[in-house]
Structure formats: structure tokens, C-alpha cells
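One structure below.
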Amino acid sequence: MRALLILLVIILDKAAWAAGGSSDGVPTDFVIAQVINFLLAGGLLVYLLKSKVVEHFKERRASYTEFMSRAERAMKEAEEQKKLYEDKLNNLKQSEQETLAQARADAEELKQRLVSEAKATSEKLIEDAKKASQYEVEKAKAQLKDVLLEEAIKAADKALQQKVGDAEQEKLRSEFVSKIQVVQ
């Protein structure tokens with residue numbers, strides 16, 4: 001059927017050109033032939049392409065509808081994400097002051113603890129230094145006492161040797177040693 005219509009358009013086109021017209025004005029036969037050719041070509045195009053054009057526009061409509069639904073879904077998801085991030089940002093802003101206050105409190109507590117530990121350490125160091133100095137003083141006193149005692153013994157020994165004889169000297173020495181042993 002399509003082939004017949006195409007053949008008809010081609011033949012009628014030739015017939016319209018073959019028809020002559022008058023040269024005294026508007027060639028009405030020529031214009032009519034062109035109008036008929038145009039209508040036949042247009043009708044043939046509509047007949048041949050109608051289903052394809054309708055199908056093409058249905059596909060375009062379906063793809064446009066699909067595109068719009070995807071765009072709406074994406075827009076909805078984007079709005080949800082925006083709301084989620086805004087909520088998170090608001091939570092962070094609200095907790096910012098609380099976090100700063102907590103950090104300040106923690107810093108003050110740490111400062112107090114460090115100061116008290118430093119005081120305790122310094123008191124212990126002072127106490128240890130006092131004990132060490134007392135020990136050194138006692139040690140020095142004991143050494144001084146030993147030195148003085150030794151010097152006194154030497155001086156007494158020398159004086160006794162000059163005044164007392166050997167037998168008496170030996171007796172005094174043994175008495176002195178026994179008394180020192182009792183004292184210690």
C-alpha cells in the first residue's frame with residue numbers, strides 16, 4: 001500500500017508539471033498542482049511516519065517522565081541530606097558551649113591537681129633536705145667527738161707519760177678503756 005502511494009505521488013507530480021497554464025497572470029493550474037503535490041506528499045509522510053512519530057513522542061514523554069521522577073527523588077534526597085546536616089550543625093553549635101565549659105572545668109581541675117602535687121613534692125623535698133642536713137650535722141658531731149676524744153687521749157697519754165711511770169700508765173689505760181666501753 002505504501003509503495004502504491006509513493007508511486008502515485010511521483011506520477012501525479014509529473015502530471016502537474018505537464019499541465020500548462022496561461023501566461024496572463026497567476027498560473028492557477030500550476031498552483032493547484034503544487035498544492036495537490038504538497039498534500040499528497042504531506043499525506044504520504046503522515047501515513048508512513050505517523051506510527052514512528054507517535055512512538056518517538058511516546059518515548060520522549062516516557063523518558064521525560066522518568067527524568068522528572070529521578071530529579072524529584074534526587075531533590076527530595078538532597079533536601080533530606082540538607083536537613084540532616086543542618087541538624088548536625090545545630091547540635092554541634094549547641095554542644096560547643098558545653099564542650100568549652102567542660103574543657104575549662106577539666107583544665108582547672110588539672111591545674112589544681114598539679115599545684116597540689118607540686119606542693120606535696122616540694123614539702124617532701126624540704127623534709128628530706130632537713131633530715132639529710134640533720135644526719136650530716138649528727139655525723140659531723142660524732143666525727144668531731146671522735147677526733148676530740150682521740151686528741152684528748154693523746155694529750156692525756158703524753159701528760160701521763162711525763163708525770164706517771166710505765167706501770168701506773170698501764171693501769172690508767174686499762175681503766176680508761178673499760179670506762180669507755182661502758183659508755184658506748
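Coordinate-derived values only; no laboratory data. Since this is a predicted model, take the numbers as computed values, not measurements.
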Worksheet, complete the sentence: Bounding extents of the stretch 30-173 in its principal axis frame from Cα atoms, largest first in Å, are 181, 31, 25
Worksheet item: Taking θ as phi - 60°, what are the ³J(HN,Hα) couplings along the stretch 75-82 by the Karplus curve (6.51, -1.76, 1.60), each to the nearest whole Hz, with x for Gly and Pro?
Response: 5, 5, 5, 5, 5, 5, 4, 4
Worksheet item: Given the pairs Lys52/Lys76; Lys158/Lys179; Lys139/Lys179, which are separated by over 28 angstrom at their Cα positions?
Response: Lys52/Lys76
